[in-house]
Amino acid sequence: MHRLLAAALTVALFLTCAAGVRAAGPLIPLEVGTMPGDASAEVYYGVDQGFFKDEGLDVHVTPFNNAPAQAAAIIAGTIAVGNGGVGSVAVARERGILERVIVPASIYEPSALTAVLMVAKDSPLKKAADLNGSIIGTNGLQDQAQLETMAWLEKHGADLKTIKFVEVPFPEMAGALAQHRIAAALMVEPLITASVAGLRPFGDAMGAVAPHFITTGWFAGDAWLQANPDAAARFVRAMQHIANWANAHHAESAQILVRSAKLDPDIAAKMTRATYGTILAPALMQPVLDMFVHFGVLPKPMSADDLAWRDSPAYQKAH
């Protein structure tokens, strides 16, 4: 018994020392891009709560306005990992920018809508067909937000041939709607809650894509993944821990948004919070790719399994 106890203590001491060596060792620097909004805020939680350091990473975050700008930064080598819509990653890959989704970011949950088609509160619009002949704002032309809006309009009887889309940055959408320069726009949190006094919800655009799917993900270039598989795997594991923590700690993560994103505390407390995913399942990305093919942005079908980093600790192909 004494020998067994001594052996157990030796193993425990070894593991403790090994963990201490890892924690005390040099952190791997990692430049990460992200976008405005709660759906892309996981990296701020990870830095604040030490999840990245637990995985041996020293993460620095750079904000961007959209996924294409991050794809350009990945090519230039100024960031290693970016955040954006699954469809944006697919379009980049089709155009020769070889990047893959390595772990989910936000997932669509009908019970927690963080992106909603909005109109001005005094707008006379009542149904999708009422938008025929109008102008709709989107954060980027031919991007995922526009196609989600088009899918909803098509599903609910609008005539897409009569509708014009114009590019309007997310922060400017509320003003454009209030001034009636655009008739509708797919807006995201926290901007929805911040503008609720002058706007009203009009449609759940993302619900037209699928009942449940990965909306945004964290992506990296093929060359970087091949050269840095350990750093990439550490990032994925950290993001899985962050997702689980953030989904269960809205009050605490809201305070991080207040500090990191300079968000108004009242808005942070009231807004609908994003739901983050932990499993990289190609089946949950395929509806987005099919939508991009349906509207001609992707010229031919693409398998979501080819878009996923199959060596990711989060990867899980359906059997």
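Taking 0.36 nm per residue of separation and subtracting the Cα-Cα distance, full extension of the segment from residue 141 to residue 251 would add 36.2 nm. Computed in the context of the full set of protein chains, the accessible area of segment 183-263 at 1.4 Å probe radius has 58% of its extent on carbon or sulfur.
In this structure residue 311 has an accessible area near 120 Å², from a 1.4 Å probe over the protein heavy atoms. Taken about its Cα centre, segment 114-251 carries a charge dipole of roughly 260 debye when the Cβ of each Lys and Arg holds +1 and the Cβ of each Asp and Glu holds -1. Our estimate of slack between residue 290 and residue 54, defined as 0.36 nm per intervening residue step minus the Cα-Cα distance, is 81.2 nm.
Rounded to the nearest 10 degrees, the angle from helix 2-24 to the longest Cα principal axis of the chain is 50 degrees. Summed over the residues of the chain and divided among them, the accessible surface reaches 46 Å² per residue at a probe radius of 1.4 Å. Using the Karplus relation 6.51 cos²θ - 1.76 cosθ + 1.60 with θ = phi - 60°, the per-residue 3J(HN,Hα) values for segment 141-148 come to 5, 6, 9, 5, 4, 5, 5, 4 Hz, with x marking Gly and Pro. Of the residues 212, 178, 226, the one whose Cα sits farthest towards the positive end of the charge dipole of segment 164-319 is 178 (charges of +1 on Lys and Arg Cβ, -1 on Asp and Glu Cβ, taken about the Cα centre).
Partner lysines whose Cα lies under 18 Å from the Cα of residue 262, excluding those fewer than 8 positions away in the same chain, are identified as 270. The charge dipole of the chain, taken about its Cα centre with unit charges on the Cβ of Lys, Arg, Asp and Glu (plus for the first two, minus for the last two), comes to roughly 200 debye.
Annotation: peptides 257-267, 193-203, 136-146, ranked by per-residue average of other Cβ atoms within 10 Å with the highest first, follow the order 136-146, 193-203, 257-267.
Per-residue surface analysis assigns residue 275 an accessible area of about 40 Å², computed on protein heavy atoms at 1.4 Å probe radius. Pop out the ³J(HN,Hα) list for segment 60-74 in order, Karplus 6.51 cos²θ - 1.76 cosθ + 1.60 with θ = phi - 60°, rounded to Hz; leave Gly and Pro as x. So the Karplus estimates, Gly and Pro as x, are 10, 9, 10, x, 10, 8, 7, 5, x, 5, 6, 4, 5, 5, 5 Hz. Looking at the chain, the DSSP beta bridges with both ends there are about 55 percent antiparallel. Ordered by solvent-accessible area of protein heavy atoms (1.4 Å probe), largest first, the residues 224, 309 come out as 224, 309. Every helix of 4 or more DSSP H residues in the chain counts as -39500 (n - 2.57), and over all residues that averages to -12000 deg cm²/dmol at 222 nm. Rg and Dmax over the alpha-carbon atoms of the chain stand at 21.4, 84 Å. Calculated FRET efficiency, residue 172 to residue 78, Cβ-Cβ distance, R0 = 30 Å: about 0.70 to the nearest 0.05.
The values are calculated or read from the model by the stated rules, or taken from the named source; none is laboratory data. Just so you know, these numbers come straight off a predicted model, no measurement behind them. Note that each Cβ is placed from the backbone with ideal geometry, even for glycine, and that neighbours are counted across all protein chains shown. Please note that ligands, DNA and RNA were not included when accessible areas were found on the heavy atoms of the full protein model with its side chains. Shrake-Rupley method; radii C 1.70, N 1.55, O 1.52, S 1.80 Å.
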